[in-house]
Amino acid sequence: MSRAELKVASVNGAAINFGSQALKFLMQFCYQILIARLLLPEDFGIVAMAAPLFAFAALFSDFGLTQATVQRDEINQEQLSFVFWVNVGLSAAICLAVIALAPAAGAFFREPRVVPIVTGLSATFVIGGLCAQHMALLNRQLLFSKIALVELFSFLVGSVTGLLFAWNGFGYWALVYSQIAVSLTTLLLAWCFAGWVPSRPALQTQNFHLLNFGANITSFNFLNFFARNFDNILIGRYLGEMPLGIYDRAYKLLLLPLSQITTPIAKVALPSLARTLNEPETYRRFYFRMLELIILATYPAVIFAIINSQLLIVTLLGPRWSEVSQVFSILAFGAIFAPISSSTGWLFISQDRTREMRNWGALSSTLFVASFLCGLPWGISGVAAFYIGVGTIQGPILWWGATRRGPLDFRQLLETLWPYCISAIITGVLEYSLKASLPGTFVTLLISLVASYVIFLGVVMVFSSSRKGIIELAFEASVMGGRFYRKFAHGGSVP
């Protein structure tokens, strides 16, 4: 691709991903509310007990090879087939290992119902291994419309499956069947859309560099696993399924909207940054515009959620979930740092610095595990508070580490971020004042959410540096909108 073609593909890809993720978020949001009303906190807690082992095993099924496929400048049929069969072999081995470990998971949590849950979910490893490289190819080729169709239809099938089983009294099994349905649908659609068939594997020396690249990413994911799941393990083991169910709902309700925004941009970021690595100015522009887009989309929503957590949780999930609000408020503070920290992965991977990424992951994981242990005596609120406290300190250190080398430096990152930090503080103060003057109703939530975006954007526009980025984003959006209008209004191809 030329730079102009890459720019067009990136903008179109971001637009398609945002549109599909917005629709998927709406679907997930409705699904989470409906499934929470059909099931009990205990049901979510039991499945959450199985989740750590499942998530841990999933780290090795991909082995970082999908990202290797996306990052490489060139990749041939022989290499693709090699990584495909490695994926399939690892996935099958991990499926068997998880089945063998299922009884140990049940004994650890002192909950025998965990065993069949883990066994049932293990099938998704083999299914995922069979379509991992097909999804990576779609991402590498910037075919985001096809990726969107795969994800949306798969989630729709999974959601309908889960709700039907929950409605018919299957309890926590509804959550298991939902995930299996998503995996099977993804497999079928990915093979249809990618149009690629693997050939026989060949053991060539150059193929093993892909394994080294993937091994570093897998090592990072292995270490990062503890930072994301060890809290669930501790809470489930020492506090029980009810506190774990509450903590899990708070974490998922926070993670869900954030992931809907960061995921589509990350899909565009990695292939775009990898292809502009030798053009520092273009690389920096791509990175900062995508980061600013994430911040503009997430910060107002996070500030709104922190200020209105009690009313938000009770309105959406019902009074029996009111305990979620306190943990949700604490975890939401961490969402201020999460988008920036998450974007450091784009830098490490696109610059082929996965070994450094692994080393920083080791430091971060150690600190987070220590925070969970320190917070456990104070219950789920203590775990959340210590977790966010450590993340507040660790975040800027990670940003410095990611920008020590490469096309952008730490100073440039801070210069880009500080207007958004000031805007977040001002928005929070005004949102709190608005909350105090309005009644606690659903209409109040809508007014507060809209006001948060209006205030944040208004304050950001005061600063010349951030105003320039917003104007560029708005211009690209208008160009893209005009292009799609001409395509669908006149039935022609996009120029």
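The values are calculated or read from the model by the stated rules, or taken from the named source; none is laboratory data. Model, not experiment: these values are computed from the prediction. Note that we place each Cβ from the backbone using ideal geometry, even for glycine, and neighbour counts take in every protein chain shown. Surface accessibility is based on the protein's heavy atoms, side chains included, excluding ligands, DNA and RNA. Shrake-Rupley method; radii C 1.70, N 1.55, O 1.52, S 1.80 Å.
How many percent of the accessible area of the stretch 358-481 is carbon or sulfur, using a 1.4 Å probe? Let's see the in-between values first.
Details: 4790 of 6340 Å².
Taking all protein chains in place, the stretch 358-481 shows 76 percent carbon and sulfur surface.
Rg to Rh for the stretch 255-333: what is it, with Cα atoms only and Rh by Kirkwood?
Using Cα coordinates only, the ratio equals 1.18.
Pairs of lysine in the chain with Cα under 26 Å and at least 8 positions apart or on different chains: total?
Lysine pairs meeting both conditions in the chain amount to 15.
Compute the semi-axes of the equivalent ellipsoid of the stretch 379-447, taking the square root of 5 times each eigenvalue of the Cα gyration tensor, and list them largest first in whole Å. Write out the running numbers ahead of the final one.
Working: eigenvalues 220, 79, 16 Å².
Result for the stretch 379-447: semi-axes of 33, 20, 9 Å.
Given the DSSP H assignment, sum -39500 (n - 2.57) over each helix run of at least 4 residues in the chain and divide by its residue total; what's the result at 222 nm in deg cm²/dmol, nearest 500? Don't jump to the answer; show the numbers that get you there.
On the way: 19 runs with 418 residues, N = 495.
Using -39500 (n - 2.57) per qualifying helix, the result is -29500 deg cm²/dmol.
Convert each backbone phi in the stretch 275-291 into a coupling constant with the Karplus relation 6.51 cos²θ - 1.76 cosθ + 1.60 (shift: θ = phi - 60°), then list the ³J(HN,Hα) values in order as whole Hz, x for Gly and Pro.
Values per residue, Gly and Pro as x: 8, 10, 4, 8, 10, x, 5, 5, 4, 4, 5, 4, 5, 5, 5, 5, 5 Hz.
Might you report the magnitude of the Cβ-based charge dipole of the chain about its Cα centre, with Lys and Arg at +1 and Asp and Glu at -1, to the nearest 20 debye?
Values: 32 positive and 23 negative charges, 117 e Å.
Result for the chain is approximately 560 debye, rounded to the nearest 20.
At 20 °C and 1.002 mPa s, grab the translational diffusion coefficient of the stretch 327-432 from Stokes-Einstein with a Kirkwood Rh over Cα pairs, rounded to a whole number in µm² per second.
Values: Rh = 15.1 Å.
The diffusion coefficient I find is 142 µm²/s.
How high is the relative contact order of the chain? Use alpha-carbon pairs under 8 Å, at least six apart in sequence, and give a whole percent. Working shown, then result.
Values: 626 pairs, mean separation 89.3, N = 495.
The value is 18 percent.
Sort 442-448, 235-241, 457-463 by packing, meaning the average of other beta carbons within 10 Å per residue, with the highest value first. Before the final figure, lay out each step's value.
Working: 442-448: 14.0, 235-241: 18.9, 457-463: 16.3.
Going from most to least packed, we get 235-241, 457-463, 442-448.
What Kirkwood hydrodynamic radius do you get for the chain when you take the inverse of the mean 1/r over all pairs of distinct Cα atoms, in Å?
Across the chain, the inverse of the average 1/r is 23.7 Å.
List, largest first, the extents of the alpha carbons of the stretch 261-388 along their principal axes, each in whole Å.
54, 31, 17
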